[in-house]
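Structure first, then comments.
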Amino acid sequence: MAAKRAERLVNLVFALLGTRQYVTAARIRATVPGYEPDDGTARADEAFKRMFERDKAELREMGVPLETGRTSVFDTEDGYRIARADYELPEITLTGEEAAAVGLALRLWESAQLAGAAQSALVKLKAAGVDVDTSRAIPLRPRLDSDEPAFEPCYAAARDRRELHFDYRRPDEDVAARRRVQPWGVVAWHGRWYLGGLDLDRGAPRVFRLSRVLGTPRASGPAGAFEPPPDVDLAAMVAGQARGEEQLVVVRVRPGAAVGLRRHAVPLGAADDGDDRLQLRTTEPARLAGEIASYGADVVVEAPEAVREAVVERLTRLAAMSPGERAPEGAA
């Protein structure tokens, strides 16, 4: 939408919200900046009528409750007003936990591109009388950091509706592939960031984990080049892919050992030998095998056999190395 038209629509909304009476088109033309002035010519009258009809349709499409009627029986033509009770948001009330969640979300957007939007949301909530505590202690502090360098270019391309190009390497591929995507948005899922969009080469929706993007994604083409499907659900897209790739891994862990592994595991009770049995979920069995191997003899894989063999292979390879050659599992 052009800046002048947007400004005119805002002025029109303010004018119609500021009165309880119906305002005629002639009065709107005279008082709302941006409309064709009345110079007595048929051309000016026709230009105003076309502009005003477009603006009314635009407001109604945006959900603005524009009413048509007459203030009294003596009025000779219809007027317009906006029903304030239908237009204004209801009172916003949040529980302490909900307000804390809002504060947590504001702390999340630490990147420069999102800081302005977060602060704007905070100002609006405070203006509505909502006490948002951004410093309340919460045992979790997610943030956007250098671990996801692809986030900002992907987010910007999705926001501006520009085509995106990047190199992407799947865990089962040795060579990265070039991808051309219409980005629909970026979403967090189980501690990781994903890009959802239309893969132009495959002609189908796809999800891409940002940690697998190589280099810096590049946007191309004009802004507004496409529109995401109106019913797209990025979280559901990511969840559907995760369910398709997810594997369950059962391990035995010595009591008191492998604290880091226990943080994202489900306890299954004690084994016959006194070890703790844990269940892990993963979409990257190779990476999990490397993590398990780092605990040495403190962790034993029960199932599946493929993960067990991968752990054994890593431990065997490490045992064959000289001390100076060894590096922590998972190191680049």
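Determine the pairs where a residue that is of a type in the set (F, W, Y), located within the stretch 287-314, has a partner that is buried (at least 18 other Cβ atoms within 10 Å of the Cβ) with Cβ atoms under 7 Å apart, the partner being 6 or more residues away or on another chain. Within 7 Å, the pairs are Y295/A258; Y295/L261. In the stretch 226-246, the residues that are modelled with pLDDT of 75 or more reach residues that are of a type in the set (D, E, K, R) with C-beta atoms within less than 6 angstrom, at least six apart or across chains, in these pairs: F226/R161.
For the stretch 152-176, filtering for residues that are modelled with pLDDT under 90 and hydrophobic (A, V, I, L, M, F, W, C) leaves 2. Of the residues V266, V250, the single one that is open to solvent by 40 Å² or more (accessible area, probe 1.4 Å), within 36 Å of the chain's Cα centre (by Cα) and modelled with pLDDT of 90 or more is V266.
If you scan the stretch 195-212, which residues turn out to be open to solvent by 20 Å² or more (accessible area, probe 1.4 Å) and either within 18 Å of E148 (Cβ to Cβ) or not hydrophobic (A, V, I, L, M, F, W, C) (or both)?
D201, R202, G203, P205, R206, S211, R212
Quick check on D160: is it out of contact with any strand residue (DSSP E or B) (no Cβ under 8 Å at 6 or more places or on another chain) and open to solvent by 30 Å² or more (accessible area, probe 1.4 Å)? For D160, the condition - out of contact with any strand residue (DSSP E or B) (no Cβ under 8 Å at 6 or more places or on another chain) and open to solvent by 30 Å² or more (accessible area, probe 1.4 Å) - is not met. Among all positions in the stretch 171-193, there is at least one residue which is among the small types (G, A, S), open to solvent by 70 Å² or more (accessible area, probe 1.4 Å) and under 18 Å from the mean Cα position of the chain (by Cα).
Among the residues of the stretch 74-96, those that are modelled with pLDDT of 80 or more and open to solvent by 100 Å² or more (accessible area, probe 1.4 Å) comprise F74, T76. T41 - would you say it is modelled with pLDDT of 85 or more and hydroxyl-bearing (S, T, Y)? Yes, satisfied.
Checking each residue in the stretch 29-55 for being closer than 17 Å to F14 by Cβ and in a loop (DSSP other than H, G, I, E, B) picks out V32, P33, G34, Y35. Restricting the stretch 253-263 to residues that are of a type in the set (K, R) and surrounded by 14 or more Cβ atoms within 10 Å (Cβ to Cβ) leaves a set whose member that is modelled with the highest pLDDT is R254. Would you confirm whether any residue within the stretch 221-243 is open to solvent by less than 50 Å² (accessible area, probe 1.4 Å) and assigned to a strand (DSSP E or B)? Among the residues of the stretch 221-243, not one is open to solvent by less than 50 Å² (accessible area, probe 1.4 Å) and assigned to a strand (DSSP E or B), which makes the answer no. The set of residues from the stretch 293-316 being outside any helix (DSSP H, G or I) and either open to solvent by 50 Å² or more (accessible area, probe 1.4 Å) or touching a Lys or Arg at 6+ places or on another chain (Cβ under 9 Å) (or both) comprises S294, Y295, V299, V300, V301, E302.
For the stretch 27-47, the set of residues classified as open to solvent by 70 Å² or more (accessible area, probe 1.4 Å), within 21 Å of L16 (Cβ to Cβ) and of a type in the set (A, V, I, L, M) consists of A30 only.
The values are calculated or read from the model by the stated rules, or taken from the named source; none is laboratory data. The structure presented is a predicted model; accordingly, all values stated were derived computationally and were not measured. When we count neighbours, we look across all protein chains shown, and the Cβ atoms used for this are built from the backbone with ideal geometry, even at glycine. Quick note on the areas: whole protein, heavy atoms, side chains included, nothing else; ligands and nucleic acids left out. Shrake-Rupley method; radii C 1.70, N 1.55, O 1.52, S 1.80 Å.
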